[in-house]
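What follows is calculated from the coordinates using simple rules that are stated; it is not laboratory data. Given the structure is predicted, the values throughout are model-derived calculations rather than measurements. Positions of Cβ are generated from backbone atoms using ideal geometry, with glycine treated the same way; all protein chains shown enter the neighbour counts.
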Amino acid sequence: LTGGLLWAAPPCSTFVWMNRGTSERNKNRAEGNESVPSVASSNIIVARLMLLIALVVTKGCNWILEQPTSSVMVWMRRMQAIKEPS
């Protein structure tokens with residue numbers, strides 16, 4: 001698997017600016033209002049994606065995460081736990 005590539009494009013609908021009123025997501029509260037079903041399910045998808053990214057990193061693979069520039073997904077705690085390669 002060394003040298004492989006994971007290219008992921010998780011659903012962005014609850015992470016972008018258009019949905020901020022419903023999701024209540026922002027840079028300081030990227031997990032948003034988890035009582036909203038779409039927010040809760042998106043958070044689960046991101047949590048599983050982070051596990052997948054951790055796995056491919058241990059196998060020496062690279063990864064790309066596709067998100068719009070207004071997405072606050074990058075500010076989620078699990079995303080922040082992923083370290084840049086040194």
message = Run the Debye formula on the Cα coordinates of the chain, all scatterers equal and no solvent, and tell me log10 I(q)/I(0) at q = 0.17, 0.22 1/Å.
response = -0.68, -1.03
key: Rounded tilt (10° steps) of 37-58 against the dominant C-alpha axis of the chain   = 10
request  = Can you pull the one-decimal nm distance between simple spin-label points at T58 and S41, each 7 Å off the Cα toward Cβ?
outcome  = 2.9
ask   = Peptides 3-10, 25-32, 56-63: what's the order by average Cβ count within 10 Å, highest mean first?
value = 25-32, 56-63, 3-10
key: Derived scalar couplings ³J(HN,Hα) [the stretch 65-74; Karplus, 6.51 cos²θ - 1.76 cosθ + 1.60; whole Hz; x for Gly, Pro]   = 10, 8, 8, x, 5, 8, 5, 9, 4, 4
inquiry  = Counting only helical runs of four or more DSSP H residues, what would the 222 nm mean residue ellipticity of the chain come to if each run contributes -39,500 (n - 2.57) and the total is spread over all its residues?
reply    = -10500 deg cm²/dmol
